[in-house]
Structures are given as structure tokens and as C-alpha cells.
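One structure is given below, encoded as C-alpha cells.
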Amino acid sequence: MLDGFTAWPTEFADRYRELGYWRGRTLGSLLREQALATPEHTAVVDGGHRWTYREVDDLADRLAAGLHRRGFTAGDRVLVQLPNIAEFVPLLFALFRLGAVPVLALPAHRETELVHLAQLSGARAYVIPDVHLGHDHRALARTLLAEAPQLREVLVAGEAQEFTALAEVTADPLPLAGPDPSDVALLLLSGGTTGAPKLIPRTHDDYVYNATAGAEVCGFDASTRYLAALPVAHNFPLACPGLLGTLSVGGTVVLTPTPSPDDAFPLIERERVTATALVPPLALLWLEAAEWTPADLGSLELLQVGGARLKAEAARRVGPVLGCALQQVFGMAEGLLNYTRADDFEELLLETQGRPLAEHDELRIVGPDDREVAPGETGELLVRGPYTIRGYYRAPEANRAAFTPDGFYRSGDLVRRLPSGHLIVEGRIKDVINRGGDKVPVEEVENLLVAHPAVHDAALVGVPDDVLGERSCACVIAQGAAPTRAELNAHLTGRGLAAFKLPDRLVVLDAFPRTALGKVNRRELAALIRESDHG
Ligand code: OOB
């Protein structure tokens, strides 16, 4: 059992097994079972590859053996930062079969996030593409090797330079003991509540449920052709039901390098894609592009939208414009997933963010005093259940704040529940800006902003935006001559912050509104900016 992992209390684990949520299967076995059942069916397609189930299964076994020969063993953490390329799939399954634990970073992450993730996880290896969207990840790897002492090895999908090519890590398949289904299978990244990203340990048992139950709700089967358009390191395209859910039922996963209509639409036509998942700003972009594209999108049956609140007006256009069904998904890497269902009444489909996946997801909607609010009232969503974690990885202090003593996760989301059980996301109380699905942890950015010599104090707040839902605005009290946004963003980029966290706007102020305790009053600050925009 991995140190720093909070397991479910025994009575809960027993119950989840009795109730059939945890079936004692490993993620590695999902692929094996399909490879035995339909070896010649296409499993994975990208720009340059088309692999059958037998091929992916074999590649995963050979890679697992190659990693084993290099000294990788069960429990080792491996920081994986790959874009949507076919090689991601055998790598993931090789690690699962070894019992090694992938730490899934997003392609957009840079030194700030990656150094933190490498140090926190104690990863022994870092897996990267050579160059992705113009960025050379080998340069990042050099920085990481210098900053994270446990990191010993860099594996490259592509041109390896002084590092090791992933393609060369291969050996004849070995019989491996494999992990226990209750072991941690992977570490996902949190959207962040405070400070730097936290790691979310997901076990084989709970993540197999997450992916397979999602596949059932979405009606996925061997004829499903799922397009992974969002970065596959993210829970939504990975396992809701995503890549893993599709492979668990013998469907085909198609990977696109970017979710832009230019890349994705031709692939939808060529591969007859039936389902995909997007965040709201991308859904808006696709709705516009679908009006003029020459591509035939007629194969599309299901568009899932989640990660941020989808406006009802946009939801209404999905059917008529894209000719497919819409499903809203309100989920979190920590666990709980809410889906609208195919047979929901139209207003539930358009205006709610779905209802929980599992009958035994326990939801509490509470006020500031932690007591449940009256039915239909808005409050913070707390959750406990068969696929919701009981603690972040190696974060005892954060865990005391993020979980109640009886094990409920405090989501920081403000929701309202309808009599049907469907939830409407009304807002949030956590210090995160949700930039169209990309989560910007406010404190992390502020800490870097105040390190700039021209910044005396800084507060990052969200301001409403038609496309992204909200954008980030840096409010700064200057020290001497006021800095420009370009200067501040150059400073943040130089510190190695992911581009999506750079402030969209800058406002220089003389003072911040404060709470009675002297903390920056972000709510008032945001209101101030909104007023000055309108006045
Ligand atoms: C998904 O996961 P994360 O971990 O990146 O972010 C979770 C947070 C939620 O706590 C909530 O604040 C927000 O993202 N969120 C939504 C939403 N879906 C997620 N807010 C409003 N409406 C929605 N539909 O974002 C995620 C994970 C699995 C499936 C889908 C999304």
C-alpha cells in the first residue's frame, strides 16, 4: 500500500464490495479481457497509428517488461506529461500492470507545476513528448532533473537526445504479479483549492467502477468510436467514460492532437466518431464552426459537456446544430460524477448538470454552519461514496480542511438539488477561477505575482466572460512605477507557470477591500471591477 494514501475505512470498503461497486478488477485487466475477446478490433487511432486490441495489449506487456528490466517496480511513481498521442495508451497500461503509479500532468503544465508534482510525488521518471505545439519538453526535463532529486530518468516519445526513447524500452513479456485491486492505480491532479495542485490517489477498484459505470450510463459498446479531444491526462476524457470506459467495452479510441475544429472535424469524418467530451468554450467554438465546416459530422451521436457550467442557451443549440444528443457532466477528479441521462426530460438536460452516477453516492448540501440546508436551497456540496477519495496524497494538513471528520469531501461548489436529484451548479466558495474548465488556483498565481519587484500586493479574481464563463483579473497594488500586464505575464512565464494561469487582465489599485479579519475581500474586489466596467 502506498504511503500517504488514505484508504476507505474497512466497513465502507466491505460495503462497496458487497454492493458490487468494487469488483476486484484491475485497470490492466480491462484491456486484457478485450484483447482476448476481440483481438483484431481497432482499439486506438491517432494521426500516425492504428492499433488493434492485440497490438496495444502486446505493446503494453512489452513496455511493462522493459520498464521492469530498468528497475521499475510496484509503487514507483512516474510523472507522465504526454499529449493526446497513441503511445499514451500502452504506457498507461504498462504502468498499471507493473503496479507503478502514473502521475498525470497536463501538457500545458510548466516548471512551476512540474517541479512541485515531481517533488510531491517523488517520481523516479518523467515521460514526455519531444516537442509539442512548439514547446521542447526535453528542456523542461533538464530543469526537472536539477530540481527533483528522486527523478532519475526521462523517457521520450519521439527524438530522445540525451534521454531514453520510449520506443526502446521494450522486452519480451514477463509474468508480473500485478497490483492488488485495492492499490492506488494512478494520481490525478486536483483543480486546486488552495495553493499548488494536489494529488488525487485513485485505486484500481474505484477507477474501474468510475470508467465502466460511465460507459454504461452513456450506452457505450464495441461500436463506440470515442474522440479524446480534451487532454487525456484529465479525468473527464480519461475515465468519464472517456478512453478507459471505451476500451473497457471494446470500442475504438481516436486521439486528436488539439480539440480545434481544424484538427477534430476531419478526424470525426474519417473515423466516423460517435462520441466525445468538451468543456463549454470548446462546445461554443464547435457550434460556430459546425455552421461552415465542409466536414461531415453526421456520425456524432453524443456530445458530453462539463468542467464548467454550460449556459442553457448554448445547451439548446447542440441538438439542432451538431445533430447529436447532449449530456451535461459535473464531475471532479476527487471522485463524484453527475451525468444527465439520455431519458431525462428536456429541461433537465438543458438546465441541470446531471445527477450522481452511483446510487450510494452520499451527498450533503450544507450552509456555512455545516448543517444541511432545506431541500431546494443552495449550499456547499459535500460528498462521500464508492469512487470519492478520503484524502489527498501526502497532504495531512490540507486533508483536515478538505474532508469532514466522517469522510465527506468538501467540494467547494455551491449547488442546488431538484426533487429529481439533479444538481444545478450555482457558484463556488473555493479560491479557484474556472476559466472555461481550466482551473486557476488563485493563491499559486498571487504568490508568484508578489515576487515581482513592482508588486506590493496582489489578488487574482474572476470576472464574468461570455465565452470562458469567467476570466482572471490580477488586481495589484504597485510598489513604485506600476507594472504592465505584459511585464507581469513575462515574469510569470519566466517562473514557469502554465499559460492558462496568466492573468487575462490587470487592474492597478491603491488599496484592496478587506474583511473584518484583514484578509482581501475577493468578492467585493470582483464586484468593484464589475462596477467599474459598467460605470
Ligand atoms: C472536472 O474535474 P476537475 O477536477 O478539473 O474540476 C472539478 C471542478 C468542480 O468541483 C466544479 O467546480 C467544476 O470543476 N465543474 C463544473 C462542472 N464540471 C466541473 N462546474 C459547473 N458545471 C459543470 N458541469 O472538471 C470534471 C471531471 C470529470 C468530469 C467532468 C468534469
Zone residues, the range 488-508, relative to residue 454, backbone N less than 17 Å from point 7 Å out along Cα-to-Cβ: 488-495, 503-508
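Just round it to a whole percent: the fraction of Cα-Cα distances in the chain exceeding 29 Å. It would help to have the intermediate numbers written out before the result.
Numbers: 74356 of 142845 pairs.
Cα-Cα pairs in the chain separated by more than 29 Å: 52 percent.
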Rg/Rg_ref, the range 26-180, where Rg_ref = 2.2 N^0.38 Å and atoms are Cα: 1.01
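Can you tell me the relative contact order of the chain? Whole percent, Cα pairs under 8 Å, sequence separation 6 or more. Present the calculation step by step, with values, prior to reporting the outcome.
Working: 1158 pairs, mean separation 65.2, N = 535.
Relative contact order of the chain: 12 percent.
Hey, any idea what Rg/Rh is for the range 446-523, computing Rh the Kirkwood way over Cα pairs? Before the final figure, lay out each step's value.
On the way: Rg = 12.6 Å, Rh = 13.0 Å.
For the range 446-523, the value is 0.97.
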Centroid-to-centroid separation of the range 503-527 and the range 1-54 [C-alpha atoms, Å]: 46
Mean-position separation - Cα centroids, the range 358-394 and the range 68-85, in angstrom: 34
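So for the range 1-101, what are the equivalent ellipsoid semi-axes in whole Å, largest first, each being the square root of 5 times an eigenvalue of the Cα gyration tensor? Before the final figure, lay out each step's value.
Details: eigenvalues 150, 72, 30 Å².
Semi-axes from the Cα gyration tensor: 27, 19, 12 Å.
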Packing-based ranking, highest mean first, of 241-248, 32-39 given that Cβ atoms within 10 Å are counted: 241-248, 32-39
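State in Å² the accessible area per residue of the chain; use a 1.4 Å probe, count heavy atoms of protein chains only, and round to the nearest integer.
Result: 40 Å² per residue.
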Surface share of carbon and sulfur [accessible, 1.4 angstrom probe, percent] for the range 432-534: 50
Cut-off under 5 Å, modelled amide H: who pairs with residue 203 long-range: 185
Separation of alpha-carbon centers, the range 240-281 and the range 90-132, rounded to whole Å: 23
Whole-Å semi-axes of the ellipsoid equivalent to the range 391-456 (Cα gyration tensor, √5λ, descending): 29, 19, 9
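Suppose we keep just the DSSP beta bridges with both residues in the range 133-260; what percent of those would be antiparallel, to 5? Please list the in-between numbers first.
Values: 5 of 11 bridges.
Once the DSSP bridges in the range 133-260 are tallied, antiparallel ones form about 45 percent.
The values are calculated or read from the model by the stated rules, or taken from the named source; none is laboratory data. As the structure is a computational prediction, the values presented were derived from the model and not from experiment. We place every Cβ from the backbone using ideal geometry, glycine too, and count neighbours over all the protein chains shown. Note: accessible area is taken over every heavy atom of the protein model, side chains too, but ligands, DNA and RNA are not part of it. Shrake-Rupley method; radii C 1.70, N 1.55, O 1.52, S 1.80 Å.
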